[in-house]
Amino acid sequence: MKNIAIFASGTGTNFQAIVDAVKTDKLSAVIKLLVCDRQDAYSIERAIKEKIPSFVFTAKEYASKEEYETEILQRLKELEIDYVVLAGYMRLIGPTLLKNYEGRIINIHPSLLPAFPGKDAIGQALKAKVKESGVSIHFVDEGMDTGPIIAQQSVSLSENETIESLQAKIHEIEHKLYPQVLQRLFTTSQEDNK
Ligand code: GAR
């Protein structure tokens, strides 16, 4: 059974989908920690309700990324975290976490990467007037949404698509796809075969 930490900066609907998948035995993992970089994020309320401990930090209060990531890393080690799952975590992961969790940090992004990396991928897709967008799940590397793709699912945009309607379609895909992909990854990973 894998121990995971979920990093989420926002409302945490993906955090909730992963929690629900664990509770209904669709995902074999133990969610040991929420890491959040915003004091006002709704994901914190969700973690409290689910009795999942959280580490909430304010980046500005640290001298550098290395400093706050060192503190996060210490907690990940204490909790024997196997995988870091990014679910709407809006910061680049730095070398401190990357070198300790190489190949074990996963991200979900609301576009068909390499299209529309970075912030506001949904707004970028609408502005570009594409007919198709989607969801990507990938391993995290030092770039912005650039690591090797694990899975993608596409969605069609309608003529009168809005940010809200596209976000709803994307969330619907994400909430199913992310737990499924994590389950596949956790149950086929090398360590289990040792
Ligand atoms: C999700 O759509 C996720 O793909 C996106 O943030 C949203 C978080 O929603 N992530 C990124 O844009 C990462 N670059 P949630 O807080 O409701 O899970």
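The values are calculated or read from the model by the stated rules, or taken from the named source; none is laboratory data. Just so you know, these numbers come straight off a predicted model, no measurement behind them. Here the Cβ positions follow ideal geometry from the backbone for every residue, glycine too, while neighbour counts run over all protein chains shown. Accessible surface areas use protein heavy atoms only, side chains included; no ligands, DNA or RNA. Shrake-Rupley method; radii C 1.70, N 1.55, O 1.52, S 1.80 Å.
Numerical summary
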| read-out | value |
| --- | --- |
| Residues of the stretch 86-109 satisfying the condition of being more than 11 Å from the chain's Cα centre (by Cα) and either near the ligand (Cβ under 8 Å from one of its atoms) or open to solvent by less than 40 Å² (accessible area, probe 1.4 Å) (or both) | I93, G94, T96, L97, L98, Y101 |
| Filter pass, G134 being farther than 25 Å from V19 by Cα and open to solvent by less than 30 Å² (accessible area, probe 1.4 Å) | no |
| A47, sole failed condition from (1) in contact (Cβ under 8 Å) with a residue 24 or more places away in the chain; (2) more than 16 Å from the chain's Cα centre (by Cα); (3) closer than 26 Å to M1 by Cβ; (4) part of a helix (DSSP H, G or I) | (2) |
| Single residue of K77, K131 found to be basic (K, R) and over 23 Å from A151 (Cα atoms) | K77 |
| In the stretch 1-42, the residues that are over 19 Å from R75 (Cα atoms), β-branched (V, I, T), over 11 Å from the mean Cα position of the chain (by Cα) and within 16 Å of the ligand (Cβ to nearest atom) | T11, V19, V22 |
| Near pairs, Cβ below 7 angstrom, 6+ apart or cross-chain, from the stretch 113-127 (open to solvent by less than 20 Å² (accessible area, probe 1.4 Å)) to any residue that is of a type in the set (S, T, Y) | L113/S136; A121/S111; A125/S111; A125/S133 |
